[in-house]
Structures are given as structure tokens and as C-alpha cells.
Amino acid sequence: MALHVMDEANRCLGCKVPQCQKGCPISTPIPDVIRLLKENKLDEAGELLFYNNPLTTVCSLVCNHENQCEGHCVLGRKGAPVHFSTIENYISTTYATKMIKGPAASNGMRVAIIGSGPAGLTIAIILARYGYQVTIFEGKDKIGGVLRYGIPEFRLPKSVLDDIEYRHLELKGIKVRPNVHIGGAIGVDDLFRDGYKAIFVGTGVWKPNALHIKGETLGHVHFGINYLNNPDSYHLGERVIVIGAGNAAMDVARTALRKGVRYLTCFSLTKKVAASQYEFSYAQLEGVEFEYNKAPVEITDEGVIFKSIIETEDGRFEDVPDSEKLYEADSVIISISQGPQNRIVNTTQGLEANARGLLVADEYGRTTRPGIFASGDVVNGARTVVEAVARSKVVAESMHAYMQGLENSGE
């Protein structure tokens with residue numbers, strides 16, 4: 001492993017204008033990290049990675065590298081790019097075992113973090129560095145949000161999240177209250193009553209988008225985000241149809257095959273899948289079949305009736321006459337993205353959401369109620385992990401400025 005990593009590091013050209021760094025949503029200082037590694041300064045490289053991105057161990061595994069750092073590497077124009085994902089994973093996981101520093105000196109201020117997905121974890125870790133007393137309120141039994149309950153084990157081992165919980169939360173004095181839904185027994189006003197100076201909302205998007213077609217309530221029909229939450233609780237049979245062809249649909253399909261499904265077909269509305277080429281190629285390799293330009297009409301006990309469609313030059317879809325056909329399946333999984341729950345908005349005065357149910361927040365994460373901040377999927381809709389982390393870094397600094405009475409300093 002180390003020899004391979006050094007081989008990759010030695011291929012780096014050390015560009016004066018690193019396109020790889022420009023292609024990274026969180027601007028990871030890739031040339032500096034590689035330089036430190038080549039100088040046998042692994043700890044310094046690891047410290048640089050974690051300071052820039054608290055979830056570097058996660059991003060090294062789940063980022064869309066082909067379109068980001070590696071996709072912008074100049075070596076990739078005529079050959080193979082430098083695989084920084086491999087370098088980042090090696091450095092971050094090796095250095096992580098040495099991270100034993102305790103909490104920063106308390107500054108006496110409390111901060112509440114609602115949700116422990118990528119956004120919430122990032123905010124919590126950064127504010128803990130400033131000495132804030134951070135409490136995370138998590139609706140499920142373990143931290144991680146979509147990282148734990150929406151990304152399969154084969155892509156992101158749960159041990160990575162357990163390590164983050166120990167090294168970044170427990171050792172830093174961050175408290176976690178699991179199985180607590182804010183907006184239920186405890187509300188936002190209760191948090192302010194108990195002295196929390198600011199509140200961050202990073203509850204993600206857990207409400208599945210529906211097709212709104214006949215048969216969607218039948219017993220063999222499921223939603224992708226629910227399936228990924230706990231695949232072992234489902235009995236899908238041998239033949240499964242997945243409606244959708246994005247990255248989440250690839251996760252659903254690949255997980256189902258690992259759980260015993262023998263025949264699985266993903267149906268795409270367009271002539272190519274929405275998933276990344278990396279995820280698509282792995283799905284194909286593992287036996288997932290694909291049908292293109294198909295729109296679901298009705299779900300029956302026997303399967304799904306699809307109609308063929310064509311895309312016009314102006315991007316519209318037109319039905320192909322007399323093209324309806326039943327595709328048989330034991331189970332059907334709908335994976336067409338998801339939206340936010342609205343529990344907090346419904347129970348909090350002054351907190352506004354848009355027509356899609358997403359929280360209204362400015363570029364600094366400030367919502368329509370003073371003291372409440374938000375970022376991640378609950379603001380922007382379903383996005384990548386690294387985008388959530390990058391945006392949340394900005395919001396963490398905005399929260400810090402607000403609590404220090406400097407809230408206009410970022411404008």
C-alpha cells in the first residue's frame with residue numbers, strides 16, 4: 001500500500017497552478033500534502049488534511065474524484081491522473097490513529113448542532129476547536145446521518161465513522177444525544193432557554209420523493225433512502241426493479257445484489273444514467289442491467305408498466321405511442337432523490353422554508369431567525385459530501401463571528 005502511494009506521489013508534477021486543487025470543492029492543498037509526504041513528513045501532511053477538511057477520511061473514499069481533483073489533473077489529459085484519493089486515504093487513516101489531543105479550553109458558550117451528517121459534524125468539530133461547548137442532537141441511534149444510513153458499508157465502512165466519533169467528538173469533549181428529534185419533546189425554544197448561544201440545523205433530506213403513480217403503495221414497493229437505512233430488514237426476492245439511475249440508485253442496486261437479489265434492472269428516464277461514470281461502471285461490472293428512455297406508468301403486483309420516451313432537441317420528453325410494457329419484478333425500489341422533513345420548521349416561529357421545504361439561509365448560513373444557522377442538504381437539497389463540508393466551513397466561521405458579536409465581519 002505505502003509503496004503504491006509513494007509511486008502515485010512521485011508522479012505528481014507539483015504544478016505552480018494546481019488544477020487538482022481548483023477542481024476540489026473544498027480546495028484541498030494537494031501539492032503541499034504530496035510534498036510533505038515525499039519529505040517523509042506524514043504527520044504534517046495528515047494535520048494539513050484534517051485542518052482543511054475534518055471529514056478527510058470520509059471524502060477520500062466517497063468523493064467523485066473523477067470529476068474533481070483527479071478529473072482536473074493535467075496528467076489525465078493524455079494518460080492516468082495522479083490518484084490523490086489513494087494518497088489522501090493513506091495519509092488520513094494513518095495519521096488519524098495519532099489524534100489524541102483533548103478538548104480546547106472552554107470559552108463558556110454553548111452551541112447546539114441538530115443532525116450529525118457531514119454538515120453537522122463539520123460545524124461541531126470546527127466550533128469545538130474554538131472552545132465552544134458543543135452538543136449534537138441526533139435523531140438516530142448513531143452519528144453520521146447520510147454517511148452511516150445512506151451510503152453502503154462497501155463504500156464507506158462504519159468503522160470510519162466510529163473513529164470520527166471517538167477522535168473528533170469524544171476526545172474533543174463534544175456531547176452527543178442520540179435518538180432525539182428536535183421539534184418533538186424538545187424544541188428550538190427549549191435550546192435557547194437552556195443557554196445555547198447559537199443553533200445549527202443540518203438535518204439533511206430524508207423524505208423520499210414519490211412518483212405519484214398508481215400502485216406506489218403496494219407491499220412490494222419501497223423507497224431507496226429507506227432501503228439503504230437498513231437493507232437487512234427487507235426481503236426483496238430474486239428479481240428487482242430500481243426506478244432511478246443516479247448515484248443513490250447505484251448504491252441501492254449494488255447493495256441489493258450483495259443481499260441476494262439475482263436479477264436487478266435500473267430504469268433511466270434519459271438515454272444515459274445520472275450516476276457518475278465510476279459508480280455506473282461498477283454497477284455494470286457487478287451485474288446491474290439498465291433500461292434507458294423509460295418512464296413508469298403504473299406499478300402492479302407483477303412488476304412495473306413502463307412506456308418508452310424520446311428526448312427532443314430542446315430537451316423535452318415525448319411518449320412513444322403504444323410502447324407500454326410490463327417488466328416483471330418481485331420488488332420495486334424507487335430512488336429518485338429526496339426532500340427535507342419539516343418537523344423543525346413547523347414547531348419553530350420565525351424559521352422559514354422555501355416551496356421545496358428547504359430552509360431559507362444566506363451564503364453565511366444565517367436563517368430567517370437570528371441565532372439559527374443551517375447548511376448542507378437541508379438548505380441546498382441532496383448534494384455531495386464534500387460540498388456540504390465546504391459550505392459548512394463557511395457557516396462555522398459565521399456562527400463563530402455571531403457568537404463573538406462580530407456577525408457583520410463576513411459581509
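Here are the numbers for this structure:
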{"item": "Counted residues, the range 246-272 - those being among the hydrophobic types (A, V, I, L, M, F, W, C), within 17 Å of the chain's Cα centre (by Cα) and farther than 17 Å from ASP330 by Cα", "result": "3"}
{"item": "Looking only at the range 131-151, and only at residues there that are free of Cβ contacts under 8 Å to residues at least 40 places away in the same chain and among the charged types (D, E, K, R), the one that is surrounded by the fewest Cβ atoms within 10 Å (Cβ to Cβ)", "result": "ASP141"}
{"item": "Some residue of the range 129-145 being within 17 Å of the chain's Cα centre (by Cα), modelled with pLDDT of 95 or more and β-branched (Val, Ile, Thr)", "result": "yes"}
{"item": "Evaluation of LYS158 against (1) exposed (fewer than 15 other Cβ atoms within 10 Å of the Cβ); (2) within 16 Å of the chain's Cα centre (by Cα); (3) over 25 Å from ARG356 (Cβ atoms); (4) touching a residue at least 40 places away in the same chain (Cβ under 8 Å) (one fails), failing number", "result": "(4)"}
{"item": "Helices (runs of 4 or more DSSP H) fully within the range 2-118 counting 2 or more residues that are farther than 28 Å from PHE200 by Cβ and outside the structural domain of MET399 (by TED's automatic domain parsing)", "result": "2-11, 19-23, 30-38, 42-52, 69-72, 84-96"}
{"item": "Residue in the range 154-172 that is modelled with pLDDT of 95 or more, among the polar types (S, T, N, Q) and farther than 23 Å from VAL379 by Cα present", "result": "yes"}
{"item": "Residue in the range 270-278 that is of a type in the set (A, V, I, L, M, F, W, C), surrounded by fewer than 22 Cβ atoms within 10 Å (Cβ to Cβ) and in contact with a Lys or Arg (Cβ under 9 Å, 6 or more places away or on another chain) present", "result": "no"}
{"item": "Hits in the range 7-26 (condition: free of Cβ contacts under 8 Å to residues at least 60 places away in the same chain and more than 13 Å from ILE87 (Cα to Cα))", "result": "GLY14, CYS15, LYS16, VAL17, PRO18, GLN19, GLN21, LYS22, GLY23"}
{"item": "Residue within the range 178-189 that is under 21 Å from LEU156 (Cβ atoms) and outside the structural domain of VAL332 (by TED's automatic domain parsing) present", "result": "yes"}
{"item": "Considering residues of the range 291-320 that are among the basic types (Lys, Arg) and within 26 Å of HIS222 (Cα to Cα) only, the residue nearest to the chain's Cα centre (by Cα)", "result": "LYS294"}
{"item": "Residue count, the range 1-27 (criterion: under 30 Å from GLY376 (Cβ atoms) and touching a Phe, Trp or Tyr at 6+ places or on another chain (Cβ under 8 Å))", "result": "1"}
{"item": "Lone unmet requirement of (1) in contact with a Gly (Cβ under 6 Å, 6 or more places away or on another chain); (2) over 20 Å from ARG383 (Cβ atoms) for GLY183", "result": "(1)"}
{"item": "Among residues of the range 102-127, those that are among the small types (Gly, Ala, Ser) and buried (at least 21 other Cβ atoms within 10 Å of the Cβ), counted", "result": "7"}
{"item": "Subset of the range 255-271 [touching a helix residue (DSSP H, G or I) at 6+ places or on another chain (Cβ under 6 Å) and farther than 20 Å from TYR327 by Cα]", "result": "THR255, LYS259"}
{"item": "Conditions (1) without any contact (Cβ under 8 Å) to a residue 60 or more places away in the chain; (2) buried (at least 18 other Cβ atoms within 10 Å of the Cβ); (3) not hydrophobic (A, V, I, L, M, F, W, C): number failed by ASN179", "result": "(2)"}
{"item": "Residue list for the range 213-255, restricted to those being in contact with a Cys (Cβ under 6 Å, 6 or more places away or on another chain) and in contact (Cβ under 8 Å) with a residue 60 or more places away in the chain", "result": "VAL242, ALA249"}
{"item": "Sole residue being more than 17 Å from the chain's Cα centre (by Cα), at pLDDT below 95 and either more than 18 Å from LEU147 (Cα to Cα) or of a type outside the set (D, E, K, R) (or both), chosen from LEU358, LEU406", "result": "LEU406"}
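Let's see how each residue does on (1) of a type outside the set (D, E, K, R); (2) out of contact with any Lys or Arg (no Cβ under 6 Å at 6 or more places or on another chain):
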| site | (1), (2) |
| --- | --- |
| ARG356 | no, yes |
| LEU359 | yes, yes |
| ASP362 | no, yes |
| THR367 | yes, yes |
| SER375 | yes, no |
| ALA388 | yes, yes |
| ARG391 | no, yes |
| SER398 | yes, yes |
| ALA401 | yes, yes |
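The values are calculated or read from the model by the stated rules, or taken from the named source; none is laboratory data. Just so it is clear, the structure is predicted and the values come from calculations on it, not from any experiment. All Cβ positions, even for glycine, are placed from backbone atoms using ideal geometry, and neighbour counts span all protein chains on display.
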